[in-house]
Structures are given as structure tokens and as C-alpha cells.
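Novice: Structure below; questions to follow.
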Amino acid sequence: MTDAEGTQTPGREIWIEKYRPQTLAEISGQEKIIERLQSYINQQELPHLLFSGPAGVGKTTAATAIARELYADNWRGNFLELNASDERGIDVVRDRIKNFARASFGGFDYRIIFLDEADSLTSDAQSALRRTMEQFSDNTRFILSCNYSSKIIDPIQSRCAVFRFAPLSDAAVGQQIDRIAESESIELTADGREALIYAASGDMRRGINSLQAAATTGEIVDEEAVYAITSTARPEVIEAMVTDAIAGDFSKSRSTLDTLLTETGMAGGDVIDQLHRSVWEFDLTERQAVRLMERIGEADYRITEGANEQVQLEALLASLALDA
């Protein structure tokens, strides 16, 4: 970011782009996948690829890193990135992909088309994509990225080498947070670091964005700043809410839930996610934990189907209190 005089303005650049790995070797937390991808680069034998996994685990970064290593300074001219969630129809397959695949180029055996969020493509578009992959396999390689590989039709999966990206470990997220904090001269407390790792939940992008957002609120990034900026409940608050319900104190448990939804501003789905992540960390018997998991699954399904979030969460707590 530059100001009116053309000079660099500190602290304005988005950190997820500023610190995005440029090579495969710089990608954290996906060592086995990176090793296999690097072997393709070394042998100059790149098949069609399918990357699946949750958000923020390195799928897009891996695709651009492959292009950078194959094409060096010419990577932008030989790499087409499309987002299928924005362009879901069959026309994007027939037009933009085919036009790029047909375009003349020199010096390289093939170009790369990266289709992000490919699981958003309609069935017709995926069928057209399958035929396009066959037609241009001599001079084009496709890298598809998705959250759920099950939503990609089998004929496409069978044409790709499938890589399943797992959520990043706490160690990988913490290491990158430490590196950025040091580079940006941020005073990051130990509890602030742990809060960032907890809020990220394996999503590197979310962890870095949370760090940058928290850094704008003051000179010190601590636990309080992180939880406030990410609208994340403290683990102990979630645990107290569940414990009160199991103990039969529904009113106190419901009051905690109301605070999370109205004052903290959490969405019902976020409360469900935190409950699910923390079940086995609570001081519960195995029977209580299993009962809670059952209630969480039921509430999550109903919320997904469009039911009122607060009603479903209160019903979850009520069922736990009735079993007390």
C-alpha cells in the first residue's frame, strides 16, 4: 500500500499475502503432500491434481507455488486461476478454460489451470470439464481445489492425483504466528499466542488474519484482544455453560448462552463448532460426553436445515439439564 506521494505505508498490507509461501518448501504442516508434489516438479512430470481439505490449510498456496517453480518469472502467463463458486455454470468451462488451453505459448510443455472451489461446479459443468481435460491433456494440466472431494464426480477424480490436506497442527500455526510477530515487531503474550492458535483451529489464514486484526487494537496482543477481535468464546466459558447444564442449572447455563449470542455476537454455528471441538477437553464422564455429542449433532443438523439457532441451542442445554 502506498500513500499519495508514492511511499510505502507501513502496516497496510494484508499479511496473508505478504507472508504467503512462494515455494513448496516454505509451506508448513503438509510435509508428506509437499514431498510428493516436489517429486513431480523435480521430474517435470505433473499430472492433473485434486486438492481437497478445509479452508486455510495450503491448497491455493500449493497450486501457486507449483506454478512459480515450474515457470519462474513467467508463471503468471502460464497459470489461470478461476473460482468456481463465482462462475458456476457450464459456460466458464466451455469458454474461459478452453480459450486459455487453446492459446499459443512457448518454452513449456504445458500450462496450468487452477480451478478453486471446484465442488461448487454444477454436474453439467463438471461433465464438460471432464471432456475438456481429455481434449487438452497434451498441453494443459488442471489443478482442482475443493473442500469436499465427494462432490467431485468420479470421472474427474479418476483423472487426478488426489491430495487430502488436513487441518494444520497447533505447532505449525504457532510457528508461523511467531515468525510474523517477530517480523512485524509485535509484542505477543504467551496467552495471546495460545488464543490465536485456538481461534485458528487449524486454519492458517484465520490465524494470521486474527493476528493482524488484534495488532491494530493496541501495542500488545494478548488473550483478551484476540478473543474480542475474533468473536470467539473462551474455552472455559463454553465449559462452564455445559457443566452448569449437566449439573441441572439450566437458568445459569442459558444466561451464559444468551451472553455469547447477544453480547459477544457469536453465531449459533460458531457455538456448535466450539462445543464440538472442546467436548473431550471438558471434565466429563464418557457417558456425559457421548450424550453431549449426540445433542450437538442433532442441533447442528436442525440449524443447518434452517431452524432458529438460539432455540436449538437452548433445547440442547435443556436436554442436558433434564438428564441431570
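Novice: Please report the spacing between the Cα centers of region 28-69 and region 213-266 in Å, no decimals.
Specialist: Cα centres, region 28-69 to region 213-266: 37 Å.
Novice: Something else: Using a 1.4 Å probe over the heavy atoms of the protein chains, calculate the carbon and sulfur portion of the accessible area of region 66-205 as a whole percent.
Specialist: The nonpolar share, carbon plus sulfur, comes to 40 percent.
Novice: Pull up the cross-link candidates among the aspartates and glutamates for K18, meaning alpha carbon to alpha carbon under 13 Å and not fewer than 8 places away within one chain.
Specialist: Within the straight-line limit of under 13 Å, K18 reaches these aspartates and glutamates: E184.
Novice: With Rg and Dmax of the Cα atoms in Å in mind, check (1) 23.2, 72; (2) 21.4, 70; (3) 19.7, 69 and report the label derived from this structure.
Specialist: Matching the structure shown: (1).
Novice: Let me ask something additional. Using +1 on the beta carbon of Lys and Arg, -1 on that of Asp and Glu, and nothing else charged, what's the dipole of the chain about the Cα centre, debye to 20?
Specialist: 1620
Novice: While we're looking at this one, here's another question. Suppose all protein chains stay in the model; what accessible area per residue would a 1.4 Å probe give for region 205-253, in Å²?
Specialist: 46
Novice: Sticking with this one: Hey, if you put +1 on the Cβ of every Lys and Arg and -1 on every Asp and Glu Cβ in the chain, which of A195, Q157, A55 ends up farthest toward the positive end of that dipole?
Specialist: Q157
Novice: I would also like to ask the following. How high is the relative contact order of region 158-219, given as a whole-number percent (alpha carbon pairs under 8 Å, six or more residues apart)?
Specialist: Relative contact order for region 158-219 comes out at 39 percent.
Novice: In addition: Say the cut-off is 20 Å between C-alpha atoms; which of K98/K151; K59/K151; K32/K151 go over it?
Specialist: The answer is K98/K151; K32/K151.
Novice: Then there's this: Only Cα pairs under 8 Å and at least 6 apart count here; give the relative contact order of region 169-299 as a rounded whole percent.
Specialist: Reported relative contact order: 17 percent.
Novice: Which percentage, to the nearest 5, of the DSSP beta bridges contained in the chain is antiparallel?
Specialist: If I count the DSSP bridges inside the chain, around 5 percent turn out antiparallel.
Novice: Something else about it: For region 157-256, run through the GluC sites (Glu not before Pro) and keep only the ones in DSSP coil with at most 13 other Cβ atoms within 10 Å of their Cβ.
Specialist: Here the sparse-neighbourhood loop sites are E219.
Novice: I would also like to ask the following. Counting other Cβ atoms within 10 Å of each Cβ, which chymotrypsin sites (Phe, Trp or Tyr not before Pro) in region 135-181 have at most 12 and sit in a DSSP loop?
Specialist: Listed in order of number, the matching sites are Y148.
Novice: By how many degrees, between 0 and 90 and to the nearest 10, does the Cα long axis of helix 204-215 differ from the longest principal axis of the chain?
Specialist: 60
Novice: With +1 on each Lys and Arg Cβ and -1 on each Asp and Glu Cβ, and nothing else charged, work out how big the dipole of region 145-241 is about its Cα centre, in Debye to the nearest 20.
Specialist: Here region 145-241 has a charge dipole of around 840 debye.
Novice: Restricting to Cα pairs below 8 Å that are 6+ residues apart, what does the relative contact order work out to for the chain? Please round to a whole percent.
Specialist: Over the chain, the number comes to 15 percent.
Novice: Something else about it: How charged is the neighbourhood of A161? Take every other residue with its Cβ under 12 Å from the Cβ of A161, and add Lys/Arg as +1 and Asp/Glu as -1.
Specialist: After counting each charged neighbour, the total is +3.
The values are calculated or read from the model by the stated rules, or taken from the named source; none is laboratory data. From a predicted model like this one, the values you see are computed outputs, not experimental measurements. Neighbour counts run over all protein chains shown; Cβ positions are idealised from the backbone, glycine included. Protein only, heavy atoms only, side chains kept; ligands, DNA and RNA dropped before computing areas. Shrake-Rupley method; radii C 1.70, N 1.55, O 1.52, S 1.80 Å.
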